[in-house]
1. State in Å² the accessible area per residue of region 98-192; use a 1.4 Å probe, count heavy atoms of protein chains only, and round to the nearest integer.
2. Helix-derived [θ] at 222 nm for the chain: sum -39500 (n - 2.57) over DSSP H runs of at least 4, divide by residue count, nearest 500?
3. In the P(r) worked out for region 126-217, what percent of Cα pairs fall beyond 19 Å?
4. Taking the chain as a Gaussian network, Cα atoms linked when under 10 Å apart, which of Asp38, Asp170, Asp159 shows the biggest mean-square fluctuation?
5. Could you compute the FRET efficiency for Ile55 and Gln175, with r as their C-beta to C-beta distance and R0 at 35 Å, rounded to 0.05?
6. So for the chain, if I pair up every lysine 8 or more residues apart or on another chain, how many of those pairs have alpha-carbons under 22 Å apart?
7. Run the accessible area of region 23-167 with a 1.4 Å probe and give the carbon-and-sulfur part as a rounded percent.
8. How high is the relative contact order of region 19-175, in percent, with contacts defined as C-alpha pairs under 8 Å that are six or more residues apart?
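The values are calculated or read from the model by the stated rules, or taken from the named source; none is laboratory data. Because the structure is a prediction, the values reported are computed rather than measured. As a convention, Cβ positions derive from the backbone with ideal geometry for all residues, glycine included, and neighbour counts pool all protein chains shown. Keep in mind that these areas ignore ligands, DNA and RNA; they rest on the heavy atoms of the full protein, side chains included. Shrake-Rupley method; radii C 1.70, N 1.55, O 1.52, S 1.80 Å.
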Amino acid sequence: MMDELTLIQRIVVWILPVIFAITGHEVAHGWVAKKLGDTTASDQGRLTLNPLKHIDILGTLIIPGLLLLTFTGFVFGWAKPVPVDPRAFKKPRQAMAIVALAGPLSNLLMAAAWALLARIGVTLEIEYISFPLIYSGVAGISINLVLALINLLPIPPLDGSRILSGLLPDYWAWQYNRLERFGFIFLLILLATNALQYILAYPMYYVQQWFFSLAGM
């Protein structure tokens, strides 16, 4: 349904969902880390939804902007990671797994919130109010599901790799974590070859349909 929008309209519709999805994801990591005993993110003022504290020029602005400009229909990005000190935890690997899981879970919760906002738009009969709510809701659902699914991939240093590392025996976790230096390169290859879209296509479709039904669409 975004195809009917102009470029300016797309930017207006996507900008808030993208910023909140990315910054909320990072705040969730820091908030859970604090609950588990690490106050590093809190001490550095990173437990805030103020996007200026989290913006990464490449991941928050350039990459999402280019994806919008090229009309790929696929938008994602990232913020500056919140600092987490594993030494503050009694069981570092298990705690890091829980901290990592908080990011994707926060995106699912935000997707639900955007779905409810879109549902309000669906029930209203005032076009100039309902349309912005519906379009923003669809964008919010989409970006949050993309971030949740991408981050659940077991590719270091994505959240999924932290979760898997927390479940593996010590030796295999150590061996697995050594792949982190290659993880970003591998992710870029998946993105450049469109393989990432193929990997996410089916889970994205089915999960997105559930949230769209929640939105009454």
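1. Details: 4880 Å² over 95 residues.
Result: 51 Å² of accessible area for each residue.
2. Numbers: 9 runs with 147 residues, N = 217.
-22500 deg cm²/dmol, from helical runs alone.
3. Details: 2259 of 4186 pairs.
So the portion of pairs separated by more than 19 Å is 54 percent.
4. Top of the fluctuation ranking is Asp170.
5. Working: r = 35 Å, r/R0 = 0.99.
According to the calculation, E is roughly 0.50.
6. Going through the chain pair by pair, I get 9.
7. After summing per-atom areas, the C and S share lands at 68 percent.
8. 24 percent
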